Amino acid sequence: MASYIKTTLLYFLGFFPCFIFSQELEIYGIVTDIENQALPGVTISIKGTNQGTLTDLDGRYSIKTSAGSILVFSYMGMTTEEKEVKDQTNLNIILKEDSQSLDEVVVTFKVPLIEADKGKLTFNLKNSALTTGQTALDMLKKLPGVSVNQNDNILFRGASGINVMIDGKMTYLSGSQLSNLLKGMSAEDINKIELITSPTAEFDAAGNSGIINIIPIKKLKKGYAVDLRTTLSKGEYWMTNQNISASLRTKKINLYGSLDYNTPHKFFQSKSGNSINEGRNTFRLNRKNEKTYKIKYYTWRLGTDWQFLPKHNLGVSYHGYLDDFKSFNYSTVNKVDHSGELQSYILSDNNIIEPYHYDAISIRYTFDIDSLGKKITADANYTSYRNYSDGLLKTDNYDANQNKQNTDILKSHQPGFVEIISAQADADLPFKEYSIKTGVKYAEVENDNQYRFDSFQQGKYVKIKDLSNHFKYKERIAAAYLLGSKKINKTTIDAGLRLEYTRAEGYTVKERIANEWEYTKLFPSLSIGQIINEDHKMDFSLSRRINRPSYSDLNPVRWYNDQYFYFSGNPNLVPELAWIYSLTYSLKNKYIFSAIYNQSLNFINRRLSIDNNGTTIKSQSDNFGNRHRFDFTVSTPFKLYPFWDILFFSDISYTTYPISELSGEKKLSKWAATLMLQQDISLPNDYKINLSAKWFSSELLGIYSSQPAGYVDFGIKKSFFNKNLVAQFTISDIFNTNRYQAYSLSDIIDYRYNDKPDSRRFGLTLLYHLGGNLVKEKSGKTDEQKRL
């Protein structure tokens, strides 16, 4: 494998020659006001072209151009400055207040759908016409390399070891808990999504496949703003999303809040089957399922930012939601012999009522040391996550002649409680020749799940002692990191080291089984960016990562699909460690080619086994040994016509790891491909059309080999009344082709499934914006606005 990787990387380097153009310059600097306050969101364009950029939250910018060109600096309420580029590389600009110009600056260049930099791909979704009626979880499915299986587990490049952040903050949730959080977040509130394949030391080391960072849309203008949004969509069921959000920004204080009601109902039809042994006989189980999820989300957000002293800011935010979740699963399982003759069958109803409660409070303090970007931040966060799960599984057993034999009733009560406390402090210290980032962090997570199963016997419910238990889990992580950056001519180097101490304790009360993990590990990171000339840029990055077993994967509680199939946690899981290497080449700032290699130790994924009764399948996470995966990705945008942009994205991958078989271990290996085509069409009268297609081949998913599938989405967007009213119509999965199909590659069990969700959906959204300036825009923006 090592020789294969070496040969492929040499081929990658040799395939893209570098052409030198000596006139190219990279200009960088900071834009401030006359009071030396940094200005975020300043438009910087190259005069006479449609190329440009924006200053970041610290007022810094970087743009590539040639000597003799003119840079134009524009900002609402400020004078416009023009500067000719000579032979300098550093250009700091001071903008002055223009009392006669308070209209919002119109950015004349188009933000690309995908941007690449230092092991990170950024997908800009703010202007997408495909977000109507979609949740954040739905949008992740549309990104290359990302998939969400039928159980709403997020996979990135075929693995579940992904750390999802929202606006740069860890969620600390996984599995169904994480998917529930993302289902309560509307895709229309997302500005962009970052896929960070090789994170630096400043990020938590969790996430072997990398990090997904979801960045919401933020409003920066002073004054008041009110947005009213209504969405109606139709899949198998009618769904609605109603939202009101408001903000008030003055010189010193910013207030904001939102209230959201969402009903992302789902419907699944599935077929599955497997063999079982009863005595010396082998039978086949053929299963048909219909799953209905009725979901009502109530989400609310409140927050304030206060500049209580010059350069000192304090922010407090609260995010809460209630998920009124109900699921109904109707299942038919036929047991047939080797000749296909029916022996018996069962009809089961599995109804679950599972309300989720989520409350998160965050406090953030920022001290802006100077206008060059030096600052110190401190964060404290508390999250409480509670779900109260009550289920009733009723199973009617019939013989081959359709005579009812008996009825089994299984009642479950599985409440879960998660508390998360975290605190961190960071210092960002840019200097003239180099910059330093450093910080410390402490996080503590506690999970408590006391679950009980009862069977109905002689007119009353009786506790099943073998299935009832109490699981506790506590995890503490202390971390410190140091990251240094330096630019040498056209080379940028970022090198960092993160130290993490972890202590985790899992305790199964009834059996008094205690599993403890305590370790201290180093997580280095390195990123090297090389600008070869105006058209050619290369980035290399590497980082060490860890995928700690989630508490849901460790919890031995059972979740029954029917009496022949259930999910369960595995208290014996051990952490998965990985090295990630990434090499990216950018041509003309448009065409992006990447080679990524991931080497994981103790790879975690789902495994199937036969329960002790010999007839029931148990699905649980397990360690698979070492996993190697190589990805080669290509992103190529084209302009078919001035109004018609096309983006083609492809990912070719090779994966190998071992699985268990009756005769020992078997090594799986497979090539796979993902193809995505997106088209953006701008029509007269401010119409925007988006047509997106995604196809993925067969690939390895734990012990499974999936089947190829794909889908096509369509969206159209139109603005009215000076862009204060936006109407958007979307059709997801136009041809109703998306499905989940896979079969087991292990001879321990021959399970296969074919699941079809109601993925073809129609959605219509109306968004109306009210806003105005309550306070005259003064020179610069307040410090709290730089963070938001």
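Relative to the longest principal axis of the Cα atoms of the chain, the long axis of helix 2-15 lies at roughly 30 degrees. Taking the DSSP beta bridges with both ends in the chain, the antiparallel portion is around 95 percent. Over all other residues within a Cβ to Cβ distance under 15 Å of residue 578, the charged ones net out to +4, with Lys and Arg as +1 and Asp and Glu as -1. Report note on the peptides 680-690, 244-254: ranked by the mean count of other C-beta atoms within 10 Å, highest first, their order is 244-254, 680-690.
Among 51, 39, 25, which residue has its Cα furthest toward the positive end of the charge dipole of region 24-95, with +1 on Lys/Arg Cβ and -1 on Asp/Glu Cβ? Sorting the options by dipole projection puts first 51. About its Cα centre, how strong a charge dipole does the chain have in debye, to the nearest 20, once Lys and Arg get +1 and Asp and Glu get -1 at the Cβ? About 360 debye.
Which value, in debye to the nearest 20, gives the size of the charge dipole of region 406-472 about its Cα centre, when Lys and Arg are +1 and Asp and Glu are -1 at the Cβ?
Using only the charged Cβ atoms, the result is roughly 320 debye.
The residue list 742, 90, 238 was ranked by how far each Cα lies along the charge dipole of the chain toward its positive end, using unit charges on Cβ atoms, and 238 comes out on top. Over 22 Å between Cα atoms: which of 590/639; 294/411; 64/311; 266/670 fall into that group? Where the Cα-Cα span goes over 22 Å, the pairs concerned are 64/311; 266/670.
Ellipticity at 222 nm from helices only: DSSP H runs of n ≥ 4 in the chain, each -39500 (n - 2.57), divided by the residue count, give -1500 deg cm²/dmol. For the residue pairs 252/688; 441/486; 47/375; 404/510; 142/335, the C-alpha atoms sit more than 29 angstrom apart in 252/688; 47/375; 404/510; 142/335. The Cβ shell under 14 Å around residue 286 holds other residues with a net charge of +2, Lys and Arg each +1, Asp and Glu each -1.
The aspartates and glutamates whose alpha-carbon is closer than 16 Å to the alpha-carbon of residue 96, local same-chain residues fewer than 8 away aside, are 33, 35, 81, 82, 104, 777. Qualifying trypsin sites (Lys or Arg not before Pro) in region 537-576, where qualification requires a DSSP coil assignment and no more than 15 other C-beta atoms within 10 Å, are lacking entirely. Considering only 307, 420, 181, and ranking their Cα positions along the charge dipole of the chain that arises from unit charges at the beta-carbon of Lys, Arg, Asp and Glu, the one farthest toward the positive end is 181.
All of the numbers you see were taken from the coordinates with simple rules; none came from a lab. Because the structure is predicted, anything quoted here is derived from the model rather than measured. Please note: Cβ atoms are built from the backbone with ideal geometry, for glycine as well, and neighbour counts cover all protein chains shown.
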